[in-house]
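Comments concern the structure below.
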């Protein structure tokens with residue numbers, strides 16, 4: 001239990017430490033990240049679809 | 001200055017550069033040669049068996065692909081003195097950080113399983129039972145890492161890299177026809193026209209050349225080795241030489257299987273080794289030793305890549321140079337990843353083929369993200385300063401990255417839906 | 001405090017020597033870190049030690065070193081902690097940055113390569129004194145030390161004092177930057193004693209000694225005459241006595257006396273013991289009795305010839321004859337009774353027809369000194385006539401000796 005608590009506080013600390021992206025959010029960066037999100041979203045959808053059809 | 005002095009001066013300068021290179025060499029060589037892991041050997045063996053020498057030209061194209069991607073990690077590591085995971089967390093925030101980290105852990109673990117599969121298969125050719133192989137490997141790797149110095153670790157890893165060159169004498173032993181290698185291999189051609197099967201194999205070759213763990217691994221090892229900005233050129237050279245060696249080794253594997261097993265259906269390298277045993281005992285043995293070595297080298301690097309990444313984020317002392325007591329979590333995570341992955345091939349009826357496919361699919365979720373992050377990070381003038389990407393470097397690396405993303409996505413999707421491209 | 005066996009050595013001899021912390025061997029000497037002192041010779045501040053098995057490089061401060069012997073270097077520290085080299089610090093590494101670099105002259109002409117660097121231990125400090133570009137040093141570096149030393153003797157003028165090295169460029173590094181001198185290629189082998197003296201006066205005590213010890217005796221002796229008395233005194237005091245003797249004997253008695261008079265009596269007595277027997281008495285007299293009779297400052301080493309000698313004969317063996325003489329720019333014409341009849345200037349001699357006799361070309365209206373005259377009289381006369389030497393004659397014109405301007409230059413008369 002204590003370990004789990006420690007672990008959670010550790011995660012929280014990491015989330016706080018890296019809360020704000022340091023890189024300058026220029027148009028290029030924003031665009032790339034957006035495309036990446038869409039790409040991953042589609043990929044996950046495909047995997048879920050495959051998972052359902054296999055079952 | 002007369003002729004003698006000029007000669008002396010030049011010689012000394014070159015000699016000094018060579019010695020400096022020998023000091024700095026390591027991360028690039030190791031990461032590139034470890035890239036020829038069990039999965040890689042299988043892919044190359046299959047390529048040779050299926051198409052003979054015809055795809056050697058394509059392998060040569062992989063030199064710049066591997067170099068331009070990995071070279072960026074050298075610059076990033078030497079300038080920021082941070083591993084890739086930490087760089088992603090810091091620059092893109094916790095969301096992308098966790099995504100990369102967990103994904104990396106997952107891919108690495110799966111890849112590690114394939115390395116163990118390769119290693120146990122390789123040694124089973126010599127009659128060694130799988131469980132002995134697994135225990136031996138886990139022990140050996142723990143000893144190497146527990147030794148507690150980056151320096152010794154690197155030298156041992158370089159020793160295994162040297163063993164990876166075993167395919168070169170093997171290729172000479174099968175007496176291939178040099179003229180047909182040059183005639184068939186060096187002229188770009190698509191044997192049998194462009195079809196689904198060929199496309200799948202080309203994608204597999206690219207997929208083994210750039211793996212997500214390589215980015216994380218090389219950047220962390222550059223940091224652990226303590227390379228500085230002034231060492232960047234040597235580090236790049238190291239990467240270039242490594243990428244040439246890795247492709248040369250791949251070509252020699254293709255030559256071996258292309259000469260002896262041309263036309264045979266090969267699913268994995270162990271089968272190839274077994275079949276080679278029948279035609280030429282020594283070449284078969286070399287193939288098996290090479291496969292074991294490739295799996296071991298891959299396992300060492302991949303498990304380290306995860307441990308380094310986790311250490312960076314959780315703030316555990318995350319260097320090979322720290323003692324076990326100072327960095328218990330670093331070593332525990334290393335050992336856990338290793339042991340759990342080692343157990344999988346021992347499970348009777350484990351879905352090993354499914355796992356291999358799964359690696360490709362999950363890798364496709366991580367690789368594009370990691371590559372995009374890499375290019376964005378290298379364009380961050382604020383931290384990279386004069387070492388940021390030049391327009392030329394950007395053009396080259398963007399083209400390469402887009403190519404890798406498209407091909408590896410198709411590869412992953414075709415692994416999900418095998419009938420899609422039929 | 002450092003105990004050191006060889007006071008001077010070459011960089012390539014010492015690099016690679018085993019380094020101990022007290023008694024524990026930790027690695028090998030890899031390099032020296034030097035610090036430039038504006039316009040002076042650089043000083044070693046740290047030793048860079050290479051540890052095996054990828055342990056970090058250590059930077060040991062010079063003042064933590066206790067012993068440098070022919071086989072080992074010992075430091076007094078016990079733990080390496082805190083002495084690791086920070087790769088970000090800006091240090092000048094002697095071997096890495098200087099050795100095997102090009103030597104350029106003032107006009108950027110490439111002269112040679114830095115084959116070695118000479119270091120000198122002085123007053124507990126280690127200085128970089130010379131850049132060696134003698135090619136035979138390569139042999140030394142390959143392990144043929146004796147052969148290298150033997151051959152090096154036959155190639156003179158192949159090292160240069162660090163004083164002539166310009167401040168190192170900002171960009172100097174493992175591969176970039178050259179060692180640039182502030183002399184021209186042509187002048188590298190004859191640096192004037194007056195210039196050297198000026199530089200010496202600028203240096204502090206141990207630096208000065210480090211540089212001065214590297215100068216060849218003849219040049220050193222000339223330089224010693226040129227420096228101001230305060231510096232003279234300091235140099236002679238800290239010099240080894242043998243070297244002092246060597247330098248003293250290169251000088252004229254007048255100059256010896258002048259220098260010795262700047263020293264306390266006890267030290268002067270010590271040094272005077274080294275002076276040649278024939279000059280010793282004169283020097284003694286000059287110092288002890290404050291005797292400034294001109295005869296003490298004169299020399300007999302002059303070229304004397306009868307008036308019927310043919311010019312060609314004089315010129316033909318001039319070189320041999322002049323070799324032993326103190327005064328060589330005049331030929332003194334005398335008869336059998338050693339009565340001075342005239343003087344022939346070297347220039348007149350060369351301009352004359354070979355068949356002429358000395359009697360035909362000599363100058364016979366002479367400016368001379370009397371044996372009773374003092375140093376002051378001669379100084380006055382030299383100022384007035386700007387001769388380079390003045391003969392001393394008695395009432396019968398018998399030639400007693402010659403005072404050379406070179407011998408009394410810089411010597412200040414105390415009596416009027």
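Readers should treat all values here as calculations from the given coordinates under stated rules, not as data from a laboratory. Bear in mind the structure is a predicted one, so any value in this text is a computation, not a measurement. Cβ: placed from backbone, ideal geometry, glycine included. Neighbour counts: every protein chain shown.
Taking only the C-alpha atoms, wrap a convex hull around region B:365-409 and report its volume per residue in Å³ as a whole number.
Hull volume normalised by residue count: 50 Å³.
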For residue C:406 and residue C:124 in one chain, what is 0.36 nm times their gap in residues minus the Cα-Cα distance, to one decimal in nm? 97.7 nm
For peptide C:109-115, what's the mean number of Cβ atoms from other chains within 10 Å of each residue's Cβ? 4
Please report, for the Cα atoms of region C:74-222, the Rg to one decimal and the Dmax as a whole number; what are they, in angstrom? 17.0, 51
Specify, per residue and in Å³, the volume enclosed by the convex hull of the alpha carbon atoms belonging to region C:260-416. 122
Could you check which residue among B:409, B:271, B:395 shows the biggest mean-square fluctuation in a GNM of chain B with a 10 Å Cα cutoff? B:395
Quick check on region B:49-115: take the gyration tensor over C-alpha atoms, sort the square-rooted eigenvalues as a ≥ b ≥ c, and tell me if it's rounded (a/c under 1.5), prolate or oblate. oblate
Region C:182-283: Kirkwood hydrodynamic radius (Cα pairs, Å) comes out at 14.0
Once you have a ≥ b ≥ c as the square roots of the Cα gyration tensor eigenvalues for region B:157-201, tell me rounded if a/c is under 1.5, and otherwise prolate or oblate according to whether a/b is larger than b/c. oblate
Enter the mean projected area of the convex hull around the alpha-carbon atoms of region B:290-399, in nm², rounded to one decimal. 10.3
Top of B:173, B:119, B:214 by mean-square fluctuation, Gaussian network on chain B, Cα under 10 Å: B:173
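I'd like to compare C:304-317, B:53-66: which one has the highest average count of other Cβ atoms within 10 Å, and what's the full order after that?
Highest mean packing first, the order is B:53-66, C:304-317.
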Rounding to the nearest 10 and keeping the result within 0 to 90°, find how far the Cα-based axis of helix C:217-226 lies from the longest principal axis of chain C. 70
Expressed as cubic angstrom per residue, what is the convex hull volume of the alpha carbon set of region B:210-263? 87
Highest-MSF residue in chain C out of C:101, C:28, C:145 [GNM, Cα springs under 10 Å]: C:145
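Two-decimal Rg/Rh of chain A from alpha-carbon positions, Kirkwood Rh? Don't jump to the answer; show the numbers that get you there.
Numbers: Rg = 17.8 Å, Rh = 14.6 Å.
So for chain A, dividing Rg by the Kirkwood Rh gives 1.21.
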Ranked output for segments C:257-266, C:169-178, B:23-32 by mean other Cβ atoms within 10 Å, highest leading, reads B:23-32, C:257-266, C:169-178
Does anyone have the angle between helix C:193-202 and the longest principal axis of chain C? Alpha-carbon axes, 0 to 90°, nearest 10? 50
Which FRET efficiency value, to the nearest 0.05, is calculated for residue B:406 and residue B:152 with the Förster distance at 56 angstrom and r the Cβ-Cβ distance? 0.85
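When the Kirkwood hydrodynamic radius is evaluated over all pairs of different C-alpha atoms of region B:21-78, what value in angstrom, to one decimal, is obtained?
Here the Kirkwood hydrodynamic radius works out to 13.2 Å.
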Per the 1/(1 + (r/R0)^6) rule, R0 = 60 Å and r from the Cβ atoms of residue B:143 and residue C:280, FRET efficiency to 0.05 is 0.15
Mind pulling up the Rg/Rh value for chain B? Radius of gyration and Kirkwood radius, both on Cα. 0.97
Highest mean first, how do C:275-282, C:219-226, B:287-294 rank when packing is the count of other Cβ atoms within 10 Å averaged over residues? B:287-294, C:219-226, C:275-282
Label point 7 Å out from residue C:67 along Cα-to-Cβ: which residues of region C:12-49 have amide N under 16 Å? C:17-27
For chain C, alpha-carbon Rg over 2.2 N^0.38 Å: 1.26
Any idea how far apart residue C:394 and residue C:238 come out in nm if each label point goes 7 Å out from Cα toward Cβ? 5.0
7 Å from Cα along Cα→Cβ at both residue B:417 and residue C:35: what's the point-to-point distance in nm? 7.3
For peptide B:63-73, compute the average count of partner chain beta-carbon atoms within 10 Å of each residue's beta-carbon. 0
Just the Kirkwood number for region B:121-267, please: inverse of mean 1/r across all distinct Cα pairs, in Å, one decimal. 18.9
Based on the alpha-carbon gyration tensor of region B:33-161 and its eigenvalue square roots a ≥ b ≥ c, which shape applies: rounded if a/c is under 1.5, prolate if not and a/b is larger than b/c, or oblate? oblate
Separation between the residue A:41 and residue C:339 pseudo-spin-labels, each 7 Å from Cα along Cα→Cβ, expressed in nm? 13.0
Shielding of B:90-101 by partner chains, average beta-carbon count, 10 Å: 5
Calculated FRET value between residue B:350 and residue B:398, using beta carbons and R₀ = 45 Å, to 0.05: 0.65
Give the Debye-formula value of log10 I(q)/I(0) at each listed q (0.06, 0.09, 0.10 Å⁻¹), with one equal scatterer per alpha carbon of the protein assembly as shown, two decimals each. -0.61, -0.98, -1.13
